[in-house]
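Following: one structure in structure tokens, then a few remarks.
The values are calculated or read from the model by the stated rules, or taken from the named source; none is laboratory data. These numbers come from a predicted model, not from an experiment. With ideal geometry, Cβ positions are generated from the backbone for all residues, glycine too; neighbour counts draw on all protein chains shown. We work out accessible area using only protein heavy atoms, side chains counted, and drop any ligands, DNA or RNA first. Shrake-Rupley method; radii C 1.70, N 1.55, O 1.52, S 1.80 Å.
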Amino acid sequence: MYTGTEKRLFGQSFSPEAITAKQFTNKHYYNNIGELSSYQPVTLCNFIKQLPRNRMIHLDRGWSHLSELLAVLDHFPNQQQQFVIKIKPKAEQIATLRQHRIKYMTVVIVNHDSELQYILNHLTDEINIIGIELVAANLSDSHVQLDVIKHIKALGLTVMINTLTLNTTTSLFGTLDDDNAILASPENIWQEVMINYQPNMINTDWVPLLSQYRRQLEH
């Protein structure tokens, strides 16, 4: 949940950190035309309990409460291989993962070359870093060049490129974003990402459309 979206989602402004879990799950969502719906938030525990065993979940934006997140996941020892945690390249987050007994699969968000070098210098068996998510407003940045991506992959790490369209001011991967892929041309966006950058994964809000486009390329 993005900070500042409470009013749009629940019809009122509040800080989720300032209320209890019970108070939060008792709220109701508003739909996309601003009408009250019957849907309510669910706790992470209840979500995991309903998660099919052949599915994985990608836990994003939990770095502000990383210790608490890990404690919740620890309650599901038979599902550890279903969880992928995303963190930022911060010393305190690295230390939290290093000290934690269970080594959950982790993807690190990298915005700059200095962050990439920091993470590559901290690859250790004490942290189960499986991948790097590359974010760049400018596609000329050194950390998103193909030779660098190939180097990351040669280290056995998965490379994820984020094509999400957050808003009109935030660019996660230059002009190669979901809106341009859908409204203009998937050939000029998703295909360029796949061919010119060769990631293992693309982070998108439009999974069915990207999946369909990939099937077309395979044929």
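What the Cβ-Cβ distance of His28 and Asn200 gives, at R0 = 30 Å and to the nearest 0.05, is a FRET efficiency of 0.20. Evaluated at q = 0.20, 0.21, 0.24 Å⁻¹, the base-10 log of the normalised Debye intensity for segment 1-107, with identical point scatterers placed on the Cα atoms, takes the values -1.15, -1.20, -1.32. Calculated [222 nm] ellipticity per residue, helices only, for the chain: -8000 deg cm²/dmol; basis is -39500 (n - 2.57) per DSSP H run with n ≥ 4, divided by all residues, nearest 500.
When restricted to Cα atoms, segment 162-219 yields an Rg and a Dmax of 10.7, 36 Å, respectively. Solvent-accessible area assigned to carbon and sulfur over segment 90-143 amounts to 46 percent, based on a 1.4 Å probe.
To the nearest whole percent, what portion of all C-alpha pairs in the chain is separated by more than 27 angstrom?
Percent of Cα pairs beyond 27 Å in the chain: 43.
For Lys7, list the aspartates and glutamates whose Cα falls under 16 Å from its own Cα; do not include residues on the same chain fewer than 8 positions away. The reachable aspartates and glutamates, counting only those whose Cα sits under 16 Å from Lys7, are Glu17, Glu35. GNM remark for the chain: springs join alpha carbons under 10 Å apart, and the peak mean-square fluctuation among Ser140, Ser67, Ser38 falls on Ser38.
Using alpha-carbon pairs under 8 Å, 6+ residues apart, how would you state the relative contact order of segment 107-219 in percent?
On the way: 147 pairs, mean separation 25.7, N = 113.
Answer for segment 107-219 is 23 percent.
Comparing Ile19, Ile94, Ile130 in a Gaussian network model of the chain (Cα springs below 10 Å), the most mobile by mean-square fluctuation is Ile19.
Across all C-alpha atoms in segment 118-215, the radius of gyration and Dmax reach 14.0, 44 Å.
With +1 on each Lys and Arg Cβ and -1 on each Asp and Glu Cβ, how big is the dipole of segment 74-206 about its Cα centre, in debye rounded to the nearest 20? Kindly include the intermediate steps, with their values, before the conclusion.
Details: 8 positive and 15 negative charges, 109 e Å.
Using Cβ point charges on Lys, Arg, Asp and Glu, segment 74-206 gives about 520 debye.
Quick check on my link table: of Lys88/Lys150; Lys90/Lys153; Lys49/Lys103; Lys86/Lys153; Lys27/Lys103; Lys27/Lys49, which ones sit more than 29 Å apart, alpha carbon to alpha carbon? Beyond 29 Å: Lys27/Lys103.
Of the residues Leu44, Asn54, Thr20, the one whose Cα sits farthest toward the positive end of the charge dipole of segment 17-66, with +1 on the Cβ of Lys and Arg and -1 on the Cβ of Asp and Glu, is Asn54. In segment 42-92, the alpha-carbon atoms span a convex hull of 85 Å³ per residue. Under the criterion of Cα pairs below 8 Å and six or more residues apart, the relative contact order for the chain equals 11 percent.
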